[in-house]
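Right, one structure below, let's go through it.
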Amino acid sequence: MDHLQLIQSKIYEIRGQKVMLDFDLAELYQVETKRLKEQVKRNIERFPEDFMFVLSTQEWKELVANCDQLPATMKHSYVAPFAFTQEGVAMLSGILRSGIAVQVNISIMRAFVKMRQIVLEAPLDKISLLQKEMRNLKDYIEDIFADQNTINEDTSIQLELINQTLAELQAQNRQPKERRRIGYELPGNNNDK
């Protein structure tokens, strides 16, 4: 994986924005996450909400549940990370003044631009083809569920009829009929009558 792909793998979509998380940026800048956060807090006026925001507990839980590439040490962190938009990452270069920070920022900006180009340059015919396939798949699934519901309704009606018939049979007074005895009657033996 080249450097650009590595950076792209660390860009997430949260709140409808492409962002990078503080611990990933700290790793790329070769500083401790704690130090990066300290610099941001000291210069908080440079980071309005559209540049940087703190993930809510729910957002962090969802990200951990859905992203396999997060470091194992971060998955169990109780501290929600900072999320930096492209503008926020650019602002970091102003507060982290090392040579590494400048080079990393240039690479990150290229990664954001490349991702934007990929989305914008996606051929419309492929997008419409994917939309058509999604609609077909949705229709197919709805048909299967409709058939399944019909089968369930038919089965339910048949089971109800069987139960009703069994109940009627149980309700009938089913006294055994008096039967004639089998065998011979001896003449003069009228005790049976």
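The values are calculated or read from the model by the stated rules, or taken from the named source; none is laboratory data. Small disclaimer: the values here were computed from a predicted structure and weren't measured. When we count neighbours, we look across all protein chains shown, and the Cβ atoms used for this are built from the backbone with ideal geometry, even at glycine.
Results for (1) buried (at least 18 other Cβ atoms within 10 Å of the Cβ); (2) at pLDDT below 90; (3) β-branched (V, I, T), shown as yes or no for each residue.
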site	(1), (2), (3)
H3	no, yes, no
L6	no, yes, no
D24	yes, yes, no
Y29	yes, yes, no
K34	no, no, no
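Filtering the range 158-184 to residues that are modelled with pLDDT under 75 and surrounded by 10 or more Cβ atoms within 10 Å (Cβ to Cβ) leaves only L159.
Taken residue by residue, the range 49-59 has no member that is assigned by TED's automatic domain parsing to the domain that holds A101, of a type in the set (A, V, I, L, M) and touching a residue at least 60 places away in the same chain (Cβ under 8 Å). Counted as qualifying within the range 59-157 are the helices (runs of 4 or more DSSP H) with 3 or more residues that are under 21 Å from L36 (Cα atoms) and at pLDDT 70 or above, namely 86-95, 99-120.
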